[in-house]
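Undergrad: I have a structure I would like to understand better, so I am pasting it below and will then ask my questions one at a time.
Nothing in this text is a laboratory measurement; each read-out follows from the coordinates by a stated rule. These figures come from a predicted structure and were not determined experimentally. Virtual Cβ from ideal backbone geometry, glycine too; neighbours counted across all protein chains shown.
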Amino acid sequence: MDTIEKTAQFIMGTYKRLDVVFEKGEGLYLFDTYGNKYLDFLAGIAVNILGYSHPVIVKSIKEQADKLIHISNLYHIKEQADLAEFLINKSVLDKAFFCNSGAEANEAAIKIARLYGKGERYKIIAMENSFHGRTMATLSATGQKKYHKGFEPMLEGFDFAKFNDFDDFKSKVDDSVCAVMLELVQGEGGINLASRQYIRDLYSYCKENDILLMIDEVQTGMCRSGKLFAYEYYGIEPDVVTLSKALGGGVPIGALLAKNKVADYFKPSTHGSTFGGNPFVSSVSLSVLEFVTEENFLAHIEDMGNYFLDGLKNIAKDKKQIESVGGIGLILGIHFKNPKDADSLVQKAFKRKILIGKAGDSSVRFEPPLIVEKHHIDEVLNFLKEVL
C-alpha cells in the first residue's frame, strides 16, 4: 500500500490533496518520490520563508535537539525569553505569549480582549471575507459563511464590517464592543490589501474610543510584506498582534504580542499552552528571525516583490479573464472574474511542476520562500504568459 492509499484509508478527509508525495526539499524546490522537481511558490502556505534545508534552520535544529527539546512552562525557558526579547524589541508591543499555531494565537487574542472588556464589553468586530482560524472561537470571528456551514450556531459576540469601509465599521460599533480584529492583507479571503487611509481612520477611532485594535499577522508577519510586521507600512501602533506560520520557518509556533495595558490581563490560570514556546521551537524561530531581519535581506524581499508585482500587472493588462492583481511584498495574488479560472490555473501549474494555491473563491496566490530570486519569478511569469 503506497502513501496515497494509506492516506485515504487511515487519515480523515479534511483536505483535498493533490496526488503527489514529497520526500525532500532544497532551496525553492521540492522533490517527489519519483525524483520529479517542483518549484514551490506557496511555501507551505507562507510558512517556509527560507525554503527547504536552509543551513540556518538545519544548524539550529541539530544544535537544539542535542541540548533540550521540551520542558513545561512551569519553569523559565532561556530560548523563549530570548525570542520574546527579540520580537518585543523589534515591535511596538510590550509582552509576548507563545502557542503552537495561528488559530491558537487568535484564540488567545479573543480571550484577552474579553478580559480587557471586563464582562461589560465583549463584542469583537471582524471583517467580511476574513479568516482567523478553525477553532470554534476563531471560526466565529471568520467572516466567510462557507467555513461556518455545519458548525452553527457560531459563538456569540462577533459582528462583521465591510473590509476597507470605515463608515460601515462605525455603524457596527456600540457600547458592547471591546475590540476590532482584522488582517492587513486578507489571505484566505483572496489577497485583499487594506488601504492606508482606512487603517489610519480605524486606528484613530479605536484609540479615541478605547477599542482594542488587534492585527492578525499570521500570514503577513515575519517579513512576508517586506517588513518584519505589515503594520509598519501603516504608521500605527496596534494593541495586539498575532503571529504564526513563518515565525518558525517550518517548526510549529504561534505568538500573541500585546501592549502592557492588554497583556496585564493574562495572569496565572487565565491562559496557557503545554508546548507553547518550548526550547526547540523558540531556538529555531530566533535563528530564522535573526537571518531575515538583516537589512540586506529585507531589501531583497522588497526588490523581489516589486519585480514580481510589475510582472503580474504586465501580464494582466490584456487578459479579459483577470479582474485585478494585488498584494504587497511577497504575498501577491491574481483575481479572476470566474472562479473556474483560478481552479484551472492551479491545476495547470501543478502539471508544469509549479506549486501555487487558491485564495478565496476566485483568486490565486503566490507566496514563495523569501529567498526567491528573479530567475524563479521569471519561470512563473513565463508560465503565466503561456497559459493565460
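Undergrad: From the list ASP159, ASP167, which residue is among the acidic types (Asp, Glu) and in contact with a helix residue (DSSP H, G or I) (Cβ under 9 Å, 6 or more places away or on another chain)?
TA: Result: ASP159 is the single residue among ASP159, ASP167 that is among the acidic types (Asp, Glu) and in contact with a helix residue (DSSP H, G or I) (Cβ under 9 Å, 6 or more places away or on another chain).
Undergrad: For SER269, state whether it is outside any helix (DSSP H, G or I) and of a type in the set (S, T, N, Q).
TA: The answer is yes for SER269.
Undergrad: Out of all the residues in the stretch 112-144, which are outside any helix (DSSP H, G or I) and more than 30 Å from SER363 (Cα to Cα)?
TA: Across the stretch 112-144, the qualifying residues are LYS118, GLY119, GLU120, ARG121, TYR122, LYS123.
Undergrad: Let me ask you something else. Assess whether CYS223 counts as being touching a helix residue (DSSP H, G or I) at 6+ places or on another chain (Cβ under 8 Å) and surrounded by 18 or more Cβ atoms within 10 Å (Cβ to Cβ).
TA: Criteria met by CYS223.
Undergrad: Name the helices (runs of 4 or more DSSP H) wholly inside the stretch 25-111 in which the number of residues that are of a type outside the set (A, V, I, L, M) is 2 or more.
TA: Qualifying helices (runs of 4 or more DSSP H): 55-67, 78-89.
Undergrad: Ok, one more. Among the numbered criteria (1) crowded, with 24+ Cβ neighbours inside 10 Å; (2) under 25 Å from ASP303 (Cβ atoms); (3) not aliphatic (A, V, I, L, M), which one does ASP216 miss?
TA: With (1) crowded, with 24+ Cβ neighbours inside 10 Å; (2) under 25 Å from ASP303 (Cβ atoms); (3) not aliphatic (A, V, I, L, M) applied to ASP216, the lone miss is (2).
Undergrad: Give the residue that is surrounded by the fewest Cβ atoms within 10 Å (Cβ to Cβ), with candidates limited to residues of the stretch 1-59 that are in contact (Cβ under 8 Å) with a residue 12 or more places away in the chain and on the phi > 0 side of the Ramachandran plot.
TA: Ranking the qualifying residues of the stretch 1-59, first place goes to SER53.
Undergrad: Let me ask something additional. Taking the condition of being outside any loop (DSSP other than H, G, I, E, B) and touching a Gly at 6+ places or on another chain (Cβ under 6 Å), how many residues in the stretch 336-375 meet it?
TA: 3
Undergrad: In addition: Tell me, which residue of the stretch 127-139 that is of a type outside the set (Lys, Arg) and more than 21 Å from ASP165 (Cβ to Cβ) is surrounded by the fewest Cβ atoms within 10 Å (Cβ to Cβ)?
TA: Per the criteria, the residue is MET136.
Undergrad: While we're looking at this one, here's another question. Can you confirm whether the stretch 167-181 contains a residue that is of a type in the set (D, E, K, R) and within 23 Å of the chain's Cα centre (by Cα)?
TA: no
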